[in-house]
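FYI, it's all coordinate maths here, none of it is from the lab. All values reported here derive from a predicted model rather than from experimental measurement. All Cβ positions, glycine included, derive from the backbone under ideal geometry; neighbour counts span all protein chains shown.
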Amino acid sequence: MLMSRFFIHNVFILFILAHVVFADPVQRFPKPDFESGYERPILQTPDPRALTLEYLDVFVLVAALSLASYFALRKRSRRHIFVLMVFSLIYFGFWRKGCICSIGSVQNVVYALFSHAYAIPLTVVAFFAVPLIFTLFFGRTFCAAVCPLGAAQDVVVLKPIALPGWLNQMLGIIPYLYLALSVLFAATGAGFLICRYDPFVGFFRFGASFNLILFGAFMLLLGTVVARPYCRFLCPYGVLLNWMSRLSRKHLSITPSDCINCRLCEASCPFDAINKPVEAELHEKREKSIRRLSFYLVLTPVIILASGWGGSLLHIPLSRSHFSVRLAKEIKLQDEGKLRLATDETDAFRASGKSTSELYAEARDIQRRFKVGGWIFGGFLGLVFSLKLISLSVFRKQEIYEADRGDCYSCGRCFSYCPVGKEGVDLEKLKEKAEDKAKFG
Amino acid sequence: MNDKKDMNTRELFYVLAKRAVIISAIFASIMAILLIANFIQTQSVDPLNSKALNQLLQSLQENPQDEVLKEQIRALDLLARKAYFTHQWQIRTGGLLLFISVLVLLISLKYISSLQAQLPNFDDSKKENPWETRLLARRFIIYAGLGLFVLAFVLGVFSRNELGEPRKKDKVTFATSKELKENWPTFRGPEGIGHAYHTNVPTTWNGATGENITWKVVVPKSGLNSPIIWKKKIYMAGADEESREVYCYDADSGDLLWTKEVNNIPGSPNEVPDVTEDTGYAAPTMATDGERVFAIYANGDLISFDLEGNRLWAKNLGLPDNHYGHSSSLFTFKEKLLVQYDTNEKKQLFAFHTVSGEQIYATPRDDVQISWASPVLVNTGARDEIILNSNPFVISYNPDNGQELWRVKCMDAEVGPSVAYADGWIYAVNEYAVLAGIKLEGTPQTVWEYEDDLSEASSPVATKDFLFLASSYGTVTCFDAKSGEVYWMHEYDEGFYSSPIVVGDKVFVMDRDGVVHIFKAAKEFEAVADNELGEKSDTIPAFMHNRIYIRGEDHLFCIGK
Amino acid sequence: MAEKTRREFLKSGANTAAALAVGGVAGLAIGIADRGKLVWQLDPELCIQCEKCATNCVLPESAVKCVHSYSMCGYCDLCSGYLEPGAKSRDTGAENQLCPTGAIQRTFIEDPYFEYQIDKELCIGCGKCVKGCGAFGNGSLYLQVQHDRCLNCNECAIARACPAQAYKRVPAETPYILRGEEAGRYAASI
Amino acid sequence: MRQTKNDKFLTVTIIVLSLAGLTYFGVSAIQSDHRIQRDNPFEYNIDNFAQSGASYLSYEQVHDFPLQADQAHALGVDDWDRIYVSDGNKIDMYDEQGRLLQSATAAGFIRALDVDVNKNIYLALESAVDVLDSTFTRQAMWPDLGSLAFLTSIAVGDTDVYVADAGQQVVWRYDKAGHLLNKIGEKDDSQDVPGFLIPSPYFDVLIDSDGYLWAVNTGRHQFENYLPDGSLRSSWQKSSMSIDGFSGCCNPAHAAMLPDGAFVTSEKGLLRIKIHNAIGELQAVVAMPDQFDNDADAVEVAVNSKEQIIVLDAKRQQVRIFQKKEGPT
């Protein structure tokens, strides 16, 4: 008994020496002697999930990406892609509870680059970079069968409708806005917006705030008619994937050989990602088109500057989302007597003994970051709007049915509609198509 | 044959799937409704914090021996806990059931739609014209962009930065010393030394008859603080046991421009401070730096307004342990507000940033006794000094950083009068102590002392040649400022708490009955006039706009044209 | 043909450039990356026991629970973490218990010592006992994120709500910020 | 596979629904921006107890002086009313006004101190006693009590020196030369000695005017009076959260004695200073919880010859002096 206490006491002193902190005397105060031979229970501290399992996740990610790419580009099988997608939904979604996912990892990377306090885990970097690299080679096979958020929406697609083209184009801007905002928030340390408003993570975990569950349910319901609404009109990671996919070395093609313009695949894509043939003729004078295009080109720097300014104007309202800025505001209002109530936050701050000037300095520094970030944020959005306008003013001839390299999720739904085989038109298959009914829609 | 059988099985599956859809849809909706109901229920009643239970616990506090009550509490507590854990179980199970039913629904629906799959029909009439689509898309994108821009503009322009713009030390605006001398910004005028620079003022009036009185207004709450004036506005503080206020009057009309309540100050004590009749709840005079006004009260509340009455900042310096009540007036120096905050517990000279209220320094003055005097600014030509009178030291501080510059030991007892300054000399006085003439040149030291007819509240005033001292016994003494030789002594009927003010070649001093005695600042006593205010007063008259402003017991008077 | 090669060339150039960009960002991130894993934990020294751990976790039953440092405990009879402040007797009656879910078990050891154990199944992480123990006792009761329950969300919902900003990401090898002798467990490994 | 018939209707519905959803989330987001103080349903509330007893408050603070000490721990007053305050390894002597008179450095962290009539200063370190004479030069260093010792208090009488050891939960009795005489307070049912129960490092000893030892058995909220041989003379006990007793797991944390044998007690948790008479009845309250900083530790107390209560407020780095209010209270 005595021995054990002696030992404990020494462990304590060692501990204190090792840390060279002014330890609370209570921390190292010896415990009572028990005559009855009482043994103190050991504090149970369950370990978090092992690191090796995190590396297993990366391995599964790489394997799933490889398989998805193989299924989409080589095997050309929707059925296989579907099965892999369900697996990903179960593994990355319900098993791994949707955390960490590649979509959210964007913020971790940005946060790590801008904050010295945060050392990003290697696995998170892998989750960020690996899908992008794969997309650079094979197109967005990540969206097709690996992303749990995409999978959750894909399985509920029931009767997809085609949205008007202009609406599609307009809503397509939102992901850029969301990405820019999320990056701004992550860079300033104001929080992880993408994770905060992830609509499906609540289902994966069987728990979230009421509003988030509501949002998720709404997205899933919407997803039965508007296929993959999150992927198309919100997903910030999709922006990066879109860019990578446009530059990809290989990409899924609807037909294994030459398109015969049979139109069978025309309505097969629920995501409006098939570019249809367009006649070469112009509907207006060529000069007019050129003038418009040059106008937009000249206007681009103006738009960028103007929207950069607009973004910088937002630094005050945006910075309020940062804890310290909000706290500083509350402390200030309290000191000015405009806020009578003390909140837990202000109480905790006042108990911490930190000086208000320190807090104000920190808050002002964050506001300054938001100001600089606001310029970049606005400028980026200006560039996006300009490029969108320019791309909508360029008219390119299109002769065949082709998957849109940026928007195509490589889901493979169109495969079964194409009557063309590797060796050209397969009449047998064409006949079969006409009679049989597609099974996987 | 085979085909037919196949068809039949298909139909059977189709029907089955259809039923599965209906059943699972109904089941899922019920589950969803139950979960939502559960959610709403826990939002309204928290089983872990039930009112009934708390009430029972309350009554147990009153009857600790009531065994029945204890039993009731235990039963209710058990119920509440059961309810809580049942609720947890309901969420888990309900969620799982909902998930399974939705899964079944999805699979059946998919199956049905796969059976119903059709070949695409090519209805070209509905086909979008890519040209028009682009036109529309461009238009809507421009709208969306403009909309976002306007939204950002409105949000950005209309959101106020509560933190204020980053503080730039050199950007704080405040009045120059020249401007300060043109106004009446502090206790005993500019620099707090009792010199008026507006000398063309009336010398005769009568408050009772209204002779030469331009206007006279009632002041809502009393206060022994004196008016301060910036341009055309007069500021004063008033307070009683319950509340504290700041007033702003128009100098020309006497209209009360605004009144601001001083409340909601973090740390402001509920306790009422100890005060006496001679101090009250608002004894210290306010101060202004030409951009802002500042007030302090007997309970330690310190507040700042801009000239229009918008509150800038406020804080409480701690309820002062002061047996007469806090009375030291405020003083501004550049971007600093200086507060002599002497209490029995702690004596300090504070400097707060005038714009933000942040503390710049707090110089401890632990080796002096509590004092009721006010800071005085002295510019010796070489530097600015802020001089505090206290027992036993007169101490000079560098107003920029609060560092002590020098000290002279000459005082005693409970110090009330502030020091006088003229021509490189400081004069400190207190009853039961001495009147000390201190020469600042080189190492400051007492050159002469005088021990009779000393003042307990009234501060002396000096010119290059003379020093005038009014006492609470009613005497006014004129000294040679450099030698301490008494030139003359005149005895009035009433004593003085207010301090003499030098106005050109005359000296104005008001006795406790509100009679202002005017005499020449000269080697021989030469009375100019004695003017009644019509009510008692212990404040300092303010001289500006060729007028005199005096705060009486109840009224604020404006004397002159 | 020439045009086609040029386009091919441009495309492959752009592809390489994009690959370099991704690789660059990833490389920068790897440069500051940690080979391990980070998990959320609550620093008990900063905790103000505001109850938000109990209500803000994404899980219906919070992953934050009370832990007990037996090495710091005084084994008191009159335990301010166990008994209501105004409790008239020191027995286990519901009217005397501080814990809203009765998650603290009191066992008699020997006169005058009692052992207090947290039943983790019942604990909801409200921190009421922590406040009681911290105010009058040795502070042996405190809150910790339980890693068998924590989902390690990328943005912890409690961390966002924490008024004292007491949550931080800690290495998964030392996933608890323990008090008393138990703290030595990690100290030895560092 | 694509249906186009009801597309228009569906599109409009979706847009309307989306806008409604957006408004809902927008509004709730804006609402959540205005933070209001929510009630904490699990609040641990002792405000009632903190405020009780104000009617007994009959002392007031008359003076205080600042210390430049961030490790102020022990407090003592000699018969000439000079105040001794330790700062880590340092011992400082102040006059009543707070002027620093003399300083010295001890051999370790000073946990407690007392001064005898000859102005010798007895410093209780972690596990040993260091003795300085009136000129602040070391006279003796008594043998170490071993690594289990954790000294918290020392009381010096005419012949005996009592040292409270919270680590081993006993009081050591020495003569003035540093000879260990006996230990007091080990559980002994035959002599009705209950044994010290010290759950936290607060364990104070006092010597009354008759020279007998009083030890504060904090875990039992009990004051115990011992004969030099270690047999229990008398005791009194008061456990209560309210003003008339001692609260929490172990209180009072510190104590001092007035000449009439009344106890000045200082508690932790609910920081308050009270006076109990010799048989434990509450006589007066010296300071209420609101007179201390929120997160301060229990304050060390001492009594000077004017029966003023000297308080060492380590949190504020101050010595505060309280005195009975004049006139009717």
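For B:Trp215, list long-range residues whose amide hydrogen, built 1.01 Å from N in the peptide plane, is under 5 Å from its own amide hydrogen.
Answer set, sorted by chain and number: B:Cys558.
So how strong a dipole does region C:12-136 carry about its Cα centre when Lys and Arg Cβ are +1 and Asp and Glu Cβ are -1, to the nearest 20 debye?
About 500 debye.
Quick one: which residues, 5 or more positions from C:Lys37 or on another chain, have an amide H under 5 Å from its amide H? H modelled 1.01 Å from N in the peptide plane, none for Pro or chain starts.
Residues meeting the amide H criterion: C:Ala172, C:Glu173.
Go through C:Lys52/C:Lys131; B:Lys347/D:Lys315; A:Lys329/B:Lys334; B:Lys181/B:Lys506; B:Lys346/B:Lys439; B:Lys82/C:Lys65 and tell me which ones have a Cα-Cα distance over 24 Å in this structure.
Pairs exceeding 24 Å: A:Lys329/B:Lys334; B:Lys346/B:Lys439.
Could you tell me, in Å, what Rg and Dmax come out for the Cα atoms of region D:28-142?
22.4, 74
Using the Karplus curve 6.51 cos²θ - 1.76 cosθ + 1.60 with θ = phi - 60°, what ³J(HN,Hα) values do you get for each residue of region D:96-106, in whole Hz, with x for Gly and Pro?
For region D:96-106, the Karplus curve yields 5, 7, x, 7, 6, 9, 7, 9, 8, 10, 8 Hz.
Report the one residue of C:Val67, C:Pro44, B:Asn161 whose Cα lies farthest in the direction of the positive end of the charge dipole of the protein assembly as shown (charges on C-beta: Lys and Arg +1, Asp and Glu -1; origin at the Cα centre).
Going by the charge dipole, the pick is B:Asn161.
First measure r as the distance between the Cβ atoms of B:Thr9 and B:Ser113, then evaluate 1/(1 + (r/R0)^6) with R0 = 22 Å and state the FRET efficiency to the nearest 0.05.
The calculated FRET efficiency here is 0.75.
In region B:145-249, which GluC sites (Glu not before Pro) fall in coil by DSSP and have 15 or fewer other Cβ atoms within 10 Å?
Sparse-neighbourhood loop GluC sites (Glu not before Pro): B:Glu241, B:Glu242.
Per DSSP H run of at least 4 residues, take -39500 (n - 2.57); add these up for chain C, divide by its residues and hand me the 222 nm value, nearest 500 deg cm²/dmol.
-9000 deg cm²/dmol
At a temperature of 20 °C and a viscosity of 1.002 mPa s, determine how fast the protein assembly as shown diffuses translationally according to Stokes-Einstein, using the Kirkwood radius over alpha-carbon pairs as Rh; express D in µm²/s, rounded to the nearest whole number.
The diffusion coefficient I find is 55 µm²/s.
Tell me, what is the Rg over Rh of region A:287-393, with Rh the Kirkwood radius over Cα pairs?
Rounded to two decimals, Rg over Rh is 1.28.
Can you pull the one-decimal nm distance between simple spin-label points at C:Glu110 and A:Ile376, each 7 Å off the Cα toward Cβ?
That separation, rounded to one decimal, is 6.6 nm.
For B:Thr276 paired with D:Gln237, estimate the spin-label separation in nm (one decimal), with each label point 7 Å from Cα along the Cα-to-Cβ line.
5.3 nm
Output wanted: per-residue J couplings in Hz (rounded whole) for region D:254-260, from phi through Karplus 6.51 cos²θ - 1.76 cosθ + 1.60, θ = phi - 60°, x for Gly and Pro.
Listing the rounded values in order: 9, 8, 8, 10, 8, x, 7 Hz.
Dipole of region D:94-251, Cα-centred, from +1 at each Lys and Arg C-beta and -1 at each Asp and Glu C-beta, to the nearest 20 debye?
The dipole magnitude comes to about 300 debye.
At q = 0.10, 0.12, 0.15, 0.23 Å⁻¹, what log₁₀ I(q)/I(0) does a Debye calculation on the Cα points of region B:2-118 give, no solvent, two decimals?
Results for region B:2-118 at q = 0.10, 0.12, 0.15, 0.23 Å⁻¹ read -0.54, -0.64, -0.78, -1.15.
Mind listing the phi-derived Karplus ³J(HN,Hα) values for region A:293-307, rounded to whole Hz, using 6.51, -1.76 and 1.60 with θ = phi - 60°, and x for any glycine or proline?
Per residue, the Karplus-derived 3J(HN,Hα) values read 4, 5, 4, 4, 4, 5, 6, 3, x, 5, 4, 4, 5, 4, 6 Hz.
Of B:Gly94, B:Pro64, B:Ala37, whose Cα points farthest to the positive end of the dipole of region B:2-118 (charges on the beta-carbon: +1 Lys, Arg; -1 Asp, Glu; origin at the Cα centre)?
B:Gly94
Under 14 Å from the Cβ of D:Gln323, count the other residues' Cβ atoms, weight Lys and Arg +1, Asp and Glu -1, and hand me the total.
Summing Lys and Arg as +1 and Asp and Glu as -1 gives -4.
Report the semi-axes of the equivalent ellipsoid for chain D in whole Å, largest first, where each axis is √(5λ) for an eigenvalue λ of the Cα gyration tensor.
Output for chain D: semi-axes of 54, 23, 22 Å.
Viscosity 1.306 mPa s, temperature 10 °C: what is the translational diffusion coefficient of region A:238-310 from Stokes-Einstein with a Kirkwood Rh over Cα pairs, rounded to a whole number of µm²/s?
The estimated diffusion coefficient comes to 95 µm²/s.
Region B:427-534: which chymotrypsin sites (Phe, Trp or Tyr not before Pro) are DSSP loop and have at most 16 other beta-carbon atoms within 10 angstrom?
B:Tyr432, B:Tyr473, B:Phe525
Using the alpha-carbon atoms, what tilt in degrees (0 to 90, nearest 10) does helix B:130-158 show relative to the longest principal axis of chain B?
Helix B:130-158 sits at roughly 30 degrees to that axis.
Over 33 Å apart: what share of the alpha carbon pairs of chain B falls there, rounded to a whole percent?
So the pairs more than 33 Å apart make up 58 percent of the total in chain B.
How large is the charge dipole for region B:437-478, taken about the Cα centre, if only the Cβ atoms of Lys, Arg (+1) and Asp, Glu (-1) carry charge, to the nearest 20 debye?
200 debye
Round to the nearest 10 and give me the degree value, 0 to 90, for the angle of helix D:7-33's Cα axis relative to the longest principal axis of chain D.
Long axis of D:7-33 versus the principal axis of chain D: about 20 degrees.
In region C:47-132, what GluC sites (Glu not before Pro) fall in a loop by DSSP, with at most 10 other Cβ atoms inside 10 Å?
Taking region C:47-132 and a limit of 10 other Cβ atoms within 10 Å, the loop GluC sites (Glu not before Pro) found are C:Glu121.
Ignoring everything except DSSP H segments at least 4 long, calculate the 222 nm mean residue ellipticity for chain B; use -39,500 (n - 2.57) per segment, divide by total residues, nearest 500.
-9000 deg cm²/dmol
Using a 10 Å cut-off around each Cβ, can you sort D:Trp80, B:Trp215 from fewest to most neighbouring Cβ atoms?
Lowest to highest Cβ neighbour count: D:Trp80, B:Trp215.
Quick check: pseudo-label points 7 Å beyond the Cα along Cα→Cβ at B:Lys409 and B:Leu307, how many nm apart are they?
That separation, rounded to one decimal, is 4.7 nm.
Along each of the three principal axes of the Cα atoms of region C:38-189, give the extent in whole Å, ordering the values from largest to smallest.
Extents along the principal axes: 46, 35, 24 Å.
For chain A, what is the calculated [θ] at 222 nm in deg cm²/dmol (nearest 500), taking -39500 (n - 2.57) for each run of four or more DSSP H residues and dividing by its residue count?
Value at 222 nm, helices only, nearest 500: -18000 deg cm²/dmol.
Which residues' amide hydrogens lie under 5 Å from the amide hydrogen of D:Ala112, considering only partners 5 or more residues apart or on another chain, with H built in the peptide plane?
HN-HN under 5 Å from D:Ala112: D:Ala124.
Mind giving me the FRET efficiency for D:Ile279 and D:Ala54? R0 is 22 Å, r the Cβ-Cβ distance, nearest 0.05 is fine.
FRET efficiency, D:Ile279 to D:Ala54: 0.40.
Hey, what's the Cα Rg ratio for region C:20-126 versus the globular rule of thumb, 2.2 N^0.38 Å?
Against the empirical 2.2 N^0.38 Å value, I get 1.60 for region C:20-126.
Given a Förster distance of 30 angstrom, what is the FRET efficiency for A:Ser294 paired with A:Arg74, based on the Cβ-Cβ distance and rounded to 0.05?
0.10
Out of A:Leu136, A:Leu73, A:Leu299, whose Cα points farthest toward the positive end of the dipole of chain A (charges: +1 Lys, Arg; -1 Asp, Glu; placed on Cβ)?
A:Leu299
Share of Cα-Cα pairs in region A:223-362 beyond 23 Å, in percent?
Cα-Cα pairs in region A:223-362 separated by more than 23 Å: 70 percent.
Where Rh is the Kirkwood radius over the Cα pairs of chain A, the temperature 37 °C and the viscosity 0.692 mPa s, what D in µm²/s does Stokes-Einstein return?
D = 127 µm²/s.
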